[in-house]
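Working notes for the structure below.
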Amino acid sequence: MTEKNAAAGGSACEFIAFRIGAQEFCIDIMSVREIRGWTPATELPHAPSYVRGVINLRGSVLPIVDLAERLGFPPIEATARQVIIVVQVGGQIIGLLVDAVSDILTQSTENIQPTPEVATDVAKSFVRGVLAVDGRMIGLIELDSLMSAPLEKAA
Amino acid sequence: MSITILTVDDSRTMRDMLKVALTEAGYRVVQAVDGLHGLEVLTQEAPRVIITDINMPKLDGFGFIERVRGNQRFLGVPILVLTTESSVEKKNIARRAGATGWIVKPFDSVKLVDVVRRVAA
Amino acid sequence: MDTMAAIRETFFQECEEQLGELEVGLVAMDEGEADSETVNAVFRAVHSIKGGAGAFKLDRLVRFAHKFETALDLVRSEKLALSTAVLKTMLRAADVLADLVKAARTDEPVDEARVESLIDELEGLAEQARGASGGDQANDQVEPLDFQPVMLSIDDEPEAAPTAATTYAIRLTPWPDLYRKGNETVRLLRELARLGEISTACDARALPLLDKLDPEGAYLTWRVELATAQDVAAIEEVFEFVVDDCELEIVPSRSGATGEAPRFSPIADIGVGPSAAEPIESRERSAPDGAARQDEARSQPPRAAQEVEKARPEQGRAEAAAPTIRVDLERVDRLINLVGELVINQAMLSQRVMEAGLARSSSVAAGLGALEQLTREIQEGVMAIRAQPVKPLFQRMSRIVRELTEATGKSVRLRTEGEATEVDRTVIERLADPLTHMIRNAVDHGVEPPDVRAAAGKAAQGEVKLSAAHRSGRIVIEVSDDGAGIDRPRVRAIAVKKELVAPDAQLSDADIDNLLFLPGFSTAASVSNISGRGVGMDVVKRSIQALGGRISISSRQGLGSTFSLSLPLTLAVLDGMVVKVADQTLVVPLTAIVETLRPKRSDVHALGLGGRVISDRGGFVPLIDVGQELGYRDGAADPFGGVVLVVETEVSTRCALVVDAIHDQRQVVIKSLEANYRQVPGIAAATILGDGRVALILDIDTFVARTNRAAPASEPLLAATG
């Protein structure tokens, strides 16, 4: 969704970086609507395990995706300290559960490097590339595919 | 004090168009949706000029004009008939019913105002 | 320009209304239920459209409307009889008119050939009528666009070269009627003055003495000398409207040698005497076109009187008299959302107050109660704003049936009931497609061809009935046909072929009927052109379900089929029972709940492998553990510690749902799950409770359906309902 910026020559983009466990990732700030603290979600029956449930966002029903689990990591133990990043993906608003927000980065799109081969398939399908910032490696997450893929299986 | 004109037409489109043309010319416009309603508004507003359609439900233009003319109070009020019907027959009926003048739709707003001005003076 | 755009929008909206009236009237005429007022209304509808179209220079539309109007006028004046053929033409013309309106609105092309063909038909009717009535009518001569409005000055500027000026001697003796009709001599003179130079003289010789003077009489004669370059026609035009009410003579006094006789000669030489006050008589005498006209004129008052009588009781009709305002739909939607939030907040407040223990205090309780009542009223009021009758939707169906009838060669008529039933606009909009598909299917597949029907001893014309009604807080819509009913062997065969069902499956009649709703079951082996790409009933079913509705089918061999839709009145709120299931709070739609009970051990029986039933009203109803089914817990809960809700599905089967406890019953605002997520099987939507948390709303039908698949052993029982 933010690919337009990666046109020739590279342009400056802002990203929100966050932590999941020991790793850092980021997403284009243009898709971020707000950041809020964790509140317990209402479970959704027969949902994939990375969909924690839904919460009330000022009158709308917001699904919460455990980004760790989605990326193939162990699920996050959610407490009041965890954070939900509310993003817009396509026509829908969803909440991403992460451990903490770490930074706002301004980077040129030129700096986005391809994802290293060691990443798992799952991770690769969502991580578009990596950014090297201050010696840290920050994976850039592609939001569009997050909610699609093998879901909606009539159980 | 601007001159009041009563427009009687069951078509909202027509009422709107008449209102726009006439208010721009400085007239005050009151509206009615059919002949019966027109009689009501007439007694409340006592307009200087009446513009009425012919084909309307409840009480059509002819009936409306006749009743207006039948009322002493409104004897000399100019009534302009606004209609698409151009048959000689219908014109005569309107005339006989007591219409003062006849304007054919679609009307040119400049001409409409012109006629009204002459009739209202 | 903005105003004109707004008025243009008004015009097209009005066209829709007029087209609706037209449809209603023609259908009534078709069914022999029309009176003269119906015919008038139909005429007026087309006339109105023509008038407005002319104002916006929509020539194609004007032209067609004019032809249509002419034909209708002939019917109205009883010069053209309403035969079936004539009505068919009228109905087709109405459809073409609707197309032309749409084309004019969206600036699209139309089927020119069809338009022309219908114009020919309409003209044919006019010919027919004229032929029958002796052909003396020529009132269709003029194209309205060419007609010169009267009472307008032809040319405001005087001719630069007055060389061609002729002097006319004009003698004008107005009769009292002239004034009575609002005309004034002064004005006429002023009009003349615009044509050229005039000088006037007044002849007051006929003026009687004061005591004999009738204040409403007319005794004066004006003599005017007018020098103008205009021709006689221009002068005559000034008097065109008063010509019946005066004595008038126009004589050129120069050039043209012998003063040509003026076009208008005084009809009768009444003379300007004291007896001039004879309004009615003068009318008669001045009738140039024959007695027929006056009869018509005289018949106007009685008709008008009748209309007044009729109009009295109709005064209550909101349409013409009640003021309306136009509001942006967006504003209404926003308002409705806000009111929804208000309801939630009010519920939250009530809850918090109760938790704080304040509700014991009667004044607080009373206040909360009043608040809840008020909120509910506001909500109902606001929902009513968006509520609309289904009539326009049904009328669209009417047209579809007409077109299909022509295309398929079958004879079908549409009967509608409950058109005035009001439904929230959001529901209506989303009903259009599914309803269209069902109607198409009914005509295409339901009703048999005339010969088949005849062979079966049925009337050649089939009937499709479309009805709407409010029933226990929902709207129920039925589409039924009197066709052959569902061909069950065939349906079953197709299902087997498409591997939707096992070849040896035991299926009841109802089961077979429901096969139609399975995805992948295309209704026609030969994809019918009419029904589109074999639009499956599964698509229809999903659309209805997405609306929070249910659809069911029943069919009788040889007699026909009926599709029943049950829809919420609005997509916004729902009356529900809030229950607790394994630490989760769920909402069960109240309309599905038949009863609640605390099960007794003696009532619960095991059946098959792990299945359980409960006895209820003489029958046995399968027990379903909600918590287990939704995956909230691994094993089934103990039904005796909880509560059982007996619910009824759309196919009228019953189930008993085991929940932990019932909280309360309340109206909840429906929040979409699909907006930001997707459809969850078994779940209809979500709502936000008083504590701000999201609670899921159970969708009984899909929920039960899923459990059925999981517990086939209990299937036979489903048929045994109380």
* Looking at (1) in contact with a Leu (Cβ under 7 Å, 6 or more places away or on another chain); (2) at the interface with another protein chain (Cβ under 7 Å from one of its Cβ atoms); (3) modelled with pLDDT of 90 or more, find the lone condition where B:I79 falls short. => (1)
* Among (1) over 48 Å from the mean Cα position of the chain (by Cα); (2) more than 14 Å from chain A (Cβ to nearest Cβ); (3) closer than 17 Å to A:P45 by Cβ - the single one C:V658 does not satisfy -> (1)
* (1) in contact with a Lys or Arg (Cβ under 7 Å, 6 or more places away or on another chain); (2) crowded, with 20+ Cβ neighbours inside 10 Å: which one isn't true of C:I475, the others all being true? -> (1)
* How about region B:95-105: which of its residues are in a loop (DSSP other than H, G, I, E, B) and either modelled with pLDDT under 80 or more than 7 Å from chain C (Cβ to nearest Cβ) (or both)? -> B:K105
* Using the structure shown, decide if C:A71 is touching a Phe, Trp or Tyr at 6+ places or on another chain (Cβ under 7 Å), farther than 20 Å from B:D9 by Cα and in contact (Cβ under 8 Å) with a residue 12 or more places away in the chain. => no
* Could you grab me the full set of residues in region C:684-707 that are surrounded by fewer than 22 Cβ atoms within 10 Å (Cβ to Cβ) and either at the interface with another protein chain (Cβ under 7 Å from one of its Cβ atoms) or within 33 Å of the chain's Cα centre (by Cα) (or both)? => C:G692, C:R693
* Taking strands (runs of 3 or more DSSP E) that do not extend beyond region A:43-155, which have at least 2 residues that are in contact (Cβ under 8 Å) with a residue 12 or more places away in the chain, farther than 29 Å from C:G690 by Cα and of a type outside the set (D, E)? -> A:100-108, A:127-133, A:136-141
* To do: Give region C:204-232 a look and list any residue that's in a strand (DSSP E or B) and either small (G, A, S) or at pLDDT below 80 (or both), or say none.
  => C:A227
* To do: Could you list, in sequence order, all residues of region C:11-46 that are in contact (Cβ under 8 Å) with a residue 60 or more places away in the chain and away from every other protein chain (no Cβ under 11 Å)?
  => C:E16, C:L19, C:G20, C:L22, C:E23, C:V24, C:L26, C:V27, C:M29, C:D30
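Yes/no matrix, rows are residues, columns are (1) in the same structural domain as C:G641 (by TED's automatic domain parsing); (2) modelled with pLDDT under 85; (3) touching a Ser or Thr at 6+ places or on another chain (Cβ under 6 Å):
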| position | (1), (2), (3) |
| --- | --- |
| C:G532 | no, yes, no |
| C:V535 | no, yes, no |
| C:Q545 | no, yes, no |
| C:S554 | no, no, yes |
| C:G558 | no, no, no |
| C:P589 | yes, no, no |
* To do: Restrict the check to region C:387-403 and report whether at least one residue is without any contact (Cβ under 8 Å) to a residue 40 or more places away in the chain and over 27 Å from the mean Cα position of the chain (by Cα).
  => no
* Asked: Would you say C:V658 is in contact with a Ser or Thr (Cβ under 8 Å, 6 or more places away or on another chain) and outside the structural domain of C:N514 (by TED's automatic domain parsing)?
  -> no
* Those residues that are surrounded by 21 or more Cβ atoms within 10 Å (Cβ to Cβ) and within 14 Å of chain B (Cβ to nearest Cβ), I need them from region C:186-209; list them, please. => C:L188, C:L192, C:L195
* Can you find even one residue in region C:75-97 that is out of contact with any helix residue (DSSP H, G or I) (no Cβ under 7 Å at 6 or more places or on another chain), farther than 21 Å from B:K90 by Cα and hydrophobic (A, V, I, L, M, F, W, C)? -> yes
* To do: Restricting attention to strands (runs of 3 or more DSSP E) lying wholly within region C:598-692, give those where 1 or more residues are out of contact with any Lys or Arg (no Cβ under 8 Å at 6 or more places or on another chain) and at pLDDT 85 or above.
  => C:611-616, C:619-625, C:643-648, C:654-659, C:661-669, C:683-688
* From the list A:V61, A:V65, A:V98, A:V86, which one is away from chain C (no Cβ under 14 Å), hydrophobic (A, V, I, L, M, F, W, C) and either within 29 Å of C:A685 (Cα to Cα) or touching a Pro at 6+ places or on another chain (Cβ under 7 Å) (or both)? -> A:V98
* **Looking only at region C:572-595, and only at residues there that are within 24 Å of C:G340 (Cα to Cα) and not in a strand (DSSP E or B), the one that is nearest to the chain's Cα centre (by Cα)** => C:A572
* Structure fact -> Only one of (1) part of a helix (DSSP H, G or I); (2) at pLDDT 90 or above does not apply to C:H445, and that is (2)
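The values are calculated or read from the model by the stated rules, or taken from the named source; none is laboratory data. Values in this document were obtained by computation on a predicted structure and should not be read as measured data. All Cβ positions, even for glycine, are placed from backbone atoms using ideal geometry, and neighbour counts span all protein chains on display.
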